[in-house]
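For reference, the structure discussed in these notes is given below.
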Amino acid sequence: MGAVHRPARRRGPALGLIALAQFMVIMDTSIIGVALPRMQADLGFSQENLSWVFNAYVVAFGGLLLLGGRLSDLFGARRIFGAGWATLLVGSLAAGLATSPGVELAARAVQGAGSALIAPSALTLLFMLFGSDPKELTKALALYGAAAPAGGTAGVFLGGVLTQYASWPWVFFVNVPVALLALLGSRALMPAGGGRGGSVDVVGAATVTAGLALAVYGIVRAPEVGWFSGSTLGVLTLALLLLVTFVVVQANRREPLMRLSIFRRPDLAGANLAQLLLGAAWIPMWFFLNLYLQQVLGYSEFPAGAALLPMTGLIMLGMIVLAPKAMARFDVRTMVVSGLVLLAVAMGWLSFVRPDGSFWVDVLPAGLLAALGMSLAFIPSLGTAISAAPPEDGGLASGIVNVSYQVGSALGLAVVTAIATANGAGRIGDPTALAGGFSAAFVSAAVVALLGAVLAVVTIRGRRAAAATDPDQAEKVAA
């Protein structure tokens, strides 16, 4: 993944397209949030199964990211980047035209598959363009990092606008013109990078994707059928067997989807663990905060989306301005731990939500604190997870860190949804029960964030954060 020298006037638009890619693939996890009640009514989803509109995308996204990273290394990042946009375009059209839950979930999975090709190839292209200059790379990663949570939160606002003033299918149709623009721009702006050739680990991709899907499915259904029922235990056991099979295949295959030895690199495992737990805390918070605004406080789609705009603004300010300055002064571990602790405190604040709550007291202050925590933890852990890998494994490292965040998101949401449902979150029309269920969800997310902070102390070394985005320095430190 050597750096490619391109004229500055070309690198700027290229970075803009890469940031747009990250914005869009994360926005597609969140833009459906405000539209969920309308989709539930029109397509016939139950309250328990409604989270699968999110999970179908995220499971396909997370399960296929390693394959996307591998394909990027083998066949060239630009080629896979374009293939991902084409796949996302098809899935978005199908999702917007769906008339039943089954078709909707299948289309969401296709969208996730497209994003699984886009995300790792986009990150590989970023390192190809900016990897030779540590300062420029830090700035590029800041913009790229800001695009992720900004896309997640901005998606809520855009989803509210489209759902209230058009209709819910437009939360999917909005991807179509963006995908066409990306397909036209990628060939002109992105470095070619021919790839190195090799074989594709189809068995590995199938086992890890099926294992993750079954794990999420088993957890989501557990409150309905029982945690210790034969159905739940059978599904979770099969999921575990598939994931173990994936590890065994990776350990014995000459050209695996994920070479396990990569985790021997200093800090790589710890940084990926931080990303996993960030996703497992942040996404459930966003999901249930949106439901609280609509189902308890009675906000319609547009006001619910607009209510989360301050979080978007602070995240972008934090990642583009605050995080790079902090990275020059503090080490990776300090930033990641501080960010996760702030996130946990914000979740604890949200756990006091009330049936007759107030946006200004119950939502806004905690949301801003959560956004600040995310800003501090996301960039250092992302940069460390990528720069800790050798250059030739850039696509793999990009795929792994994206997998960590997306798998954390899917499993975290599944577990927190199960806990919330068991505490009353499924009783639509009863604000007291709903508030109790959502409070339990926020407490659970706070525990996840605190666990992440503790594990970051143990697994991440205290080197300067700026070094985490310098590939040459990372190699020296690793040696």
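Table for the structure above
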{"read-out": "Subset of segment 132-152 (residues that are within 21 Å of residue 303 (Cβ to Cβ) and surrounded by fewer than 24 Cβ atoms within 10 Å (Cβ to Cβ))", "value": "none"}
{"read-out": "Qualifying positions in segment 183-194 - at pLDDT 90 or above and crowded, with 24+ Cβ neighbours inside 10 Å", "value": "none"}
{"read-out": "Extreme residue, farthest from the chain's Cα centre (by Cα), among residues of segment 216-235 that are hydrophobic (A, V, I, L, M, F, W, C) and closer than 12 Å to residue 418 by Cβ", "value": "225"}
{"read-out": "Complete set of residues in segment 197-249 that are assigned to a helix (DSSP H, G or I), free of Cβ contacts under 8 Å to residues at least 24 places away in the same chain, under 22 Å from residue 413 (Cα atoms) and of a type in the set (Gly, Ala, Ser)", "value": "218, 231, 234"}
{"read-out": "Residue in segment 153-163 that is modelled with the highest pLDDT, counting only those that are β-branched (Val, Ile, Thr) and surrounded by 24 or more Cβ atoms within 10 Å (Cβ to Cβ)", "value": "163"}
{"read-out": "Contacts under 9 angstrom Cβ, first residue in segment 3-26 being farther than 17 Å from residue 81 by Cα and not assigned by TED's automatic domain parsing to the domain that holds residue 123, partner at pLDDT below 90 and of a type in the set (Asp, Glu), 6 or more apart", "value": "3/133"}
{"read-out": "Cross-chain or 6+ apart pairs with Cβ under 7 Å, segment 306-327 first and in the same structural domain as residue 142 (by TED's automatic domain parsing) and under 19 Å from residue 140 (Cα atoms), then of a type in the set (Asp, Glu) and surrounded by fewer than 22 Cβ atoms within 10 Å (Cβ to Cβ)", "value": "none"}
{"read-out": "Residue in segment 439-463 that is farthest from residue 273 (Cα to Cα), counting only those that are in a helix (DSSP H, G or I) and more than 21 Å from the chain's Cα centre (by Cα)", "value": "439"}
{"read-out": "Options 112, 62, 102, 16; residue that is farther than 17 Å from residue 151 by Cβ and part of a helix (DSSP H, G or I)", "value": "102"}
{"read-out": "Pairs where the first residue, in segment 407-425, is under 13 Å from residue 217 (Cβ atoms) and the second is of a type in the set (Asp, Glu), C-beta under 9 Å, 6+ apart", "value": "417/48"}
{"read-out": "Any chance residue 298 is part of a loop (DSSP other than H, G, I, E, B), surrounded by fewer than 22 Cβ atoms within 10 Å (Cβ to Cβ), in the same structural domain as residue 380 (by TED's automatic domain parsing) and not basic (Lys, Arg)", "value": "yes"}
{"read-out": "Qualifying residues in segment 396-431 (those that are among the β-branched types (Val, Ile, Thr) and surrounded by fewer than 24 Cβ atoms within 10 Å (Cβ to Cβ)) - the one farthest from residue 269 (Cα to Cα)", "value": "428"}
{"read-out": "Exclusive hit being within 21 Å of residue 35 (Cβ to Cβ), touching a Phe, Trp or Tyr at 6+ places or on another chain (Cβ under 8 Å) and at pLDDT below 90, set 116, 150, 166, 179", "value": "150"}
{"read-out": "Condition check for residue 72: assigned to a helix (DSSP H, G or I) and either under 25 Å from residue 420 (Cβ atoms) or modelled with pLDDT of 90 or more (or both)", "value": "no"}
{"read-out": "Odd one out for residue 145 among (1) in a helix (DSSP H, G or I); (2) over 24 Å from residue 56 (Cβ atoms); (3) outside the structural domain of residue 382 (by TED's automatic domain parsing); (4) not charged (D, E, K, R)", "value": "(3)"}
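Rundown of residues vs (1) at pLDDT 90 or above; (2) basic (Lys, Arg), yes/no style:
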{"position": "226", "(1), (2)": "no, no"}
{"position": "229", "(1), (2)": "yes, no"}
{"position": "239", "(1), (2)": "yes, no"}
{"position": "257", "(1), (2)": "no, no"}
{"position": "265", "(1), (2)": "no, yes"}
{"position": "273", "(1), (2)": "yes, no"}
{"position": "302", "(1), (2)": "no, no"}
{"position": "305", "(1), (2)": "no, no"}
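The values are calculated or read from the model by the stated rules, or taken from the named source; none is laboratory data. Fair warning: this is a prediction, and the values are worked out from it, not measured in the lab. In this analysis, Cβ positions are derived from the backbone assuming ideal geometry, glycine residues included, and neighbour counts consider all displayed protein chains.
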